[in-house]
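The values are calculated or read from the model by the stated rules, or taken from the named source; none is laboratory data. Since the structure is predicted, the reported quantities are computational estimates derived from the model, not experimental observations. Quick reminder, even Gly has a Cβ in these numbers, built from the backbone with ideal geometry, and neighbours come from all protein chains shown. All accessible areas refer to the heavy atoms of the entire protein, side chains included, with ligands and DNA or RNA removed. Shrake-Rupley method; radii C 1.70, N 1.55, O 1.52, S 1.80 Å.
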Amino acid sequence: MTRLRTELPGPRSLELAARRKSTVASGVGSTLPVYIDSAEDGVLIDVDGNRLIDLGSGIAVTGVGNPAPAVAEAVHAQIDRFSHTCFMITPYEGYLEVCEQLNELTPGDHEKRSVLFNSGAEAVENAVKIARHATGRQAVVVFDHAYHGRTNLTMALTAKNMPYKHGFGPFAGEVYRVPMSYPYRDGGLSGAEAAARAIDLIEKQVGVDTAACVLIEPIQGEGGFIVPAPGFLPAVAEWCARTGALLVADEIQTGFCRTGSWFASDHEGVVPDVVTTAKGIAGGLPLAAVTGRAEVMDAVHVGGLGGTYGGNPVACAAALGAIRTMRERDLSAAARRIEEAVLPRLRALAEKTDLIGDIRGRGAMLAVEFTEQTPDVAGRVAKACHAAGVVVLTCGTHGNVIRFLPPLVIPDDLLAEGMDIFEQAILGVAK
């Protein structure tokens, strides 16, 4: 049960917030300014002793638990042995083991290679580097509502201006944006029709033999948890295979059992040429990866890929513990059970109020889009949830979506309580 000892934020959190003003750059925001002291599966415990229900998982990071026993044990064992050498200087087995797991788990049974980095944005940047080098082409195709990161190149790839891009230009060139399949706002377009619309623009504005890659989130994350219509992803994949462009799947938010399969690409049998991963890979430690066809990944010259901390041995140990947890606890099935528990409740709630325009998602990656295309309603609902001790996140190009990313190991009663509070928040705003 959620237990609030104080109003949020509490006295100790307020003290820390005052310290923050003189120490942390103001450009770093926080959704809910309570300071966390410890955590359990599905629960965050703040410095004032308040217990909050976590339906955000640190943005899809702590799906295996917080902390997960296998992750904690692996981290402790590794840090006692050594913390760092830099794989580019003196390598170590943990890096190889993580790459072996990625090569096995990512879609397709072709021969693969992987390389490890620190963050999702870094993985995406390197995926573009690899695609350009392997194809000898320059153009990168991305989609409306996309989010790929906050570095210079990934800001160019990201669609939304505020807060991600505003004032930070100029941005990298040779990036071309086309419409995404967005069933709720597409006027009834099928997946095949939406793909034809996008492909027509690529061929006219970019050229059939110019695109190095088409970069896509199989389910868009920050853009609003947009699930493309069936047939859209396979049609885009077929066009890439026919024209020589590489299909790069950004599975940073969707990967590692989050959508009810190991990767969201699996739902329609799409096999990308390259996959980027991060977030849920290592149970809370910073790790990211690019995995792709062997001939594509090996096209880059020696020394062209790497980084001082990429594939840090402690993060690799955490990843191995997290992946073992996913396998042993069958967290893909756990995500599907979360969907089965939450989606009917959200659909029933949508029948009670005209504030809700769409319910969508897969597995433990679910969302409510409000009819009003402003952040107002979503912000008020989120604020009510936060005041009641439930962590929810907003997203969407218009800021009008609330997303649910509960830990895949969240207890059933805790999930039900969180949804009770969300429903009360919706109905309270609707009055």
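Is it the case that some residue within region 26-41 is over 19 Å from the mean Cα position of the chain (by Cα), without any contact (Cβ under 8 Å) to a residue 12 or more places away in the chain, in a helix (DSSP H, G or I) and surrounded by 13 or more Cβ atoms within 10 Å (Cβ to Cβ)?
The answer is no; no qualifying residue exists.
Open to solvent by 10 Å² or more (accessible area, probe 1.4 Å), closer than 18 Å to Thr277 by Cα and over 17 Å from the mean Cα position of the chain (by Cα): does that describe Asn103? So that I can check it myself, show each step before the final result.
Details: open to solvent by 10 Å² or more (accessible area, probe 1.4 Å): yes; closer than 18 Å to Thr277 by Cα: yes; over 17 Å from the mean Cα position of the chain (by Cα): yes.
Spelling it out, Asn103 is indeed open to solvent by 10 Å² or more (accessible area, probe 1.4 Å), closer than 18 Å to Thr277 by Cα and over 17 Å from the mean Cα position of the chain (by Cα).
Would you mind listing the strands (runs of 3 or more DSSP E) fully within region 285-384 where at least 3 residues are open to solvent by less than 20 Å² (accessible area, probe 1.4 Å)? Walk me through how you get there before you give the answer.
Values: elements: 288-293, 356-362, 365-370.
Filter on region 285-384 gives 288-293, 365-370.
What's the number of the only condition in (1) within 19 Å of Cys257 (Cβ to Cβ); (2) in contact with a strand residue (DSSP E or B) (Cβ under 7 Å, 6 or more places away or on another chain); (3) crowded, with 24+ Cβ neighbours inside 10 Å that Ile402 fails to meet?
Every listed condition holds for Ile402 apart from (1).
If you check every pair at least six apart or on different chains, which have Cβ atoms under 6 Å apart with a residue in region 331-356 that is among the charged types (D, E, K, R) first and a residue that is in a helix (DSSP H, G or I) second?
Pairs that qualify, where the first residue is among the charged types (D, E, K, R) and the partner is in a helix (DSSP H, G or I), are Arg345/Met419.
When the residues of region 385-398 are narrowed to those that are among the β-branched types (Val, Ile, Thr) and in a strand (DSSP E or B), which ends up nearest to Arg3 (Cα to Cα)?
Val390
So in region 214-228, with the set limited to residues that are outside any strand (DSSP E or B) and of a type in the set (A, V, I, L, M), which one is surrounded by the most Cβ atoms within 10 Å (Cβ to Cβ)? Before you say what the answer is, go through the steps one by one.
From region 214-228, those outside any strand (DSSP E or B) are 217-228; that's our starting set.
Applying the additional criterion that residues be of a type in the set (A, V, I, L, M) yields 219, 226-227.
Details: Ile219: 26, Ile226: 29, Val227: 24.
If we take residues in region 214-228 being outside any strand (DSSP E or B) and of a type in the set (A, V, I, L, M), then Ile226 is surrounded by the most Cβ atoms within 10 Å (Cβ to Cβ).
Pull up region 166-213, narrow it to residues that are in a loop (DSSP other than H, G, I, E, B) and open to solvent by less than 30 Å² (accessible area, probe 1.4 Å), then point me to the one that is nearest to Gly361 (Cα to Cα). I'd like the intermediate steps shown before the answer.
Of all residues in region 166-213, those in a loop (DSSP other than H, G, I, E, B) come to 166-174, 179-182, 186-190, 206-210.
Remaining after also requiring open to solvent by less than 30 Å² (accessible area, probe 1.4 Å): 179-182, 186, 206-207.
Numbers: Pro179: 19, Met180: 16, Ser181: 14, Tyr182: 12, Asp186: 17, Val206: 31, Gly207: 33 Å.
Here the answer is Tyr182.
Rundown of residues vs (1) in contact with a strand residue (DSSP E or B) (Cβ under 9 Å, 6 or more places away or on another chain); (2) within 22 Å of Tyr309 (Cα to Cα); (3) at pLDDT 95 or above; (4) not hydrophobic (A, V, I, L, M, F, W, C), yes/no style:
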{"position": "Arg12", "(1), (2), (3), (4)": "yes, no, yes, yes"}
{"position": "Val34", "(1), (2), (3), (4)": "yes, no, yes, no"}
{"position": "Phe87", "(1), (2), (3), (4)": "yes, yes, yes, no"}
{"position": "Tyr92", "(1), (2), (3), (4)": "no, yes, yes, yes"}
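For region 116-131, does any single residue satisfy the condition of being over 20 Å from the mean Cα position of the chain (by Cα) and of a type outside the set (Gly, Ala, Ser)?
Of region 116-131, the ones over 20 Å from the mean Cα position of the chain (by Cα) are 129-131.
After this cut, where a residue has to be of a type outside the set (Gly, Ala, Ser) as well, the list is 129-130.
Within region 116-131 (the criterion being over 20 Å from the mean Cα position of the chain (by Cα) and of a type outside the set (Gly, Ala, Ser)), the answer is yes, since at least one residue qualifies.
Condition test on Arg137, is it among the basic types (Lys, Arg), closer than 17 Å to Thr397 by Cβ, surrounded by fewer than 21 Cβ atoms within 10 Å (Cβ to Cβ) and in contact (Cβ under 8 Å) with a residue 12 or more places away in the chain? Spell out how you get there, then give the answer.
Numbers: among the basic types (Lys, Arg): yes; closer than 17 Å to Thr397 by Cβ: no; surrounded by fewer than 21 Cβ atoms within 10 Å (Cβ to Cβ): yes; in contact (Cβ under 8 Å) with a residue 12 or more places away in the chain: yes.
The answer is no for Arg137.
Which of (1) among the hydrophobic types (A, V, I, L, M, F, W, C); (2) in a helix (DSSP H, G or I); (3) without any contact (Cβ under 8 Å) to a residue 60 or more places away in the chain is the odd one out, the single condition Ile402 does not satisfy?
For Ile402, the failing item is (2).
May I ask you to list pairs of residues, at least six apart or on different chains, whose Cβ atoms are under 7 Å apart, with the first in region 141-165 being farther than 19 Å from Phe225 by Cβ and the second being in a helix (DSSP H, G or I) and small (Gly, Ala, Ser)?
That search, which allows pairs on different chains as well, returns Arg150/Ala121; Thr151/Ala121; Thr154/Ala121.
One line per residue, one yes/no per condition, for (1) crowded, with 23+ Cβ neighbours inside 10 Å; (2) assigned to a strand (DSSP E or B):
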residue: Ile59; (1), (2): no, no
residue: Ile79; (1), (2): no, no
residue: Thr85; (1), (2): no, no
residue: Val98; (1), (2): yes, no
residue: Gly108; (1), (2): no, no
residue: Arg113; (1), (2): no, yes
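Return yes or no: is Leu157 within 28 Å of Val236 (Cβ to Cβ), in contact with a Cys (Cβ under 9 Å, 6 or more places away or on another chain) and open to solvent by less than 30 Å² (accessible area, probe 1.4 Å)? Don't jump to the end; show me each part of the working.
On the way: within 28 Å of Val236 (Cβ to Cβ): yes; in contact with a Cys (Cβ under 9 Å, 6 or more places away or on another chain): no; open to solvent by less than 30 Å² (accessible area, probe 1.4 Å): yes.
Judged against the criteria, Leu157 is not a match.
Just the residues that are more than 25 Å from Asp209 (Cβ to Cβ) and either crowded, with 24+ Cβ neighbours inside 10 Å or in contact with a Ser or Thr (Cβ under 6 Å, 6 or more places away or on another chain) (or both), please, taken from region 229-261.
Of everything in region 229-261, those that are more than 25 Å from Asp209 (Cβ to Cβ) and either crowded, with 24+ Cβ neighbours inside 10 Å or in contact with a Ser or Thr (Cβ under 6 Å, 6 or more places away or on another chain) (or both) turn out to be Ala229, Glu251, Ile252, Gln253, Thr254, Gly255, Phe256, Cys257, Arg258, Thr259, Gly260, Ser261.
Kindly indicate whether Ile45 is at pLDDT 95 or above, open to solvent by less than 80 Å² (accessible area, probe 1.4 Å), of a type in the set (A, V, I, L, M, F, W, C) and on the phi > 0 side of the Ramachandran plot.
Judged against the criteria, Ile45 is not a match.
Only one residue in Val175, Val98 is among the β-branched types (Val, Ile, Thr) and closer than 21 Å to Ala245 by Cβ, so which one is that? Don't jump to the end; show me each part of the working.
Working: Val98 fails: closer than 21 Å to Ala245 by Cβ.
Testing whether each residue is among the β-branched types (Val, Ile, Thr) and closer than 21 Å to Ala245 by Cβ leaves just Val175.
Can you name the condition, by its number, that Thr90 falls short on among (1) over 22 Å from the mean Cα position of the chain (by Cα); (2) among the polar types (S, T, N, Q); (3) open to solvent by less than 60 Å² (accessible area, probe 1.4 Å)?
(3)
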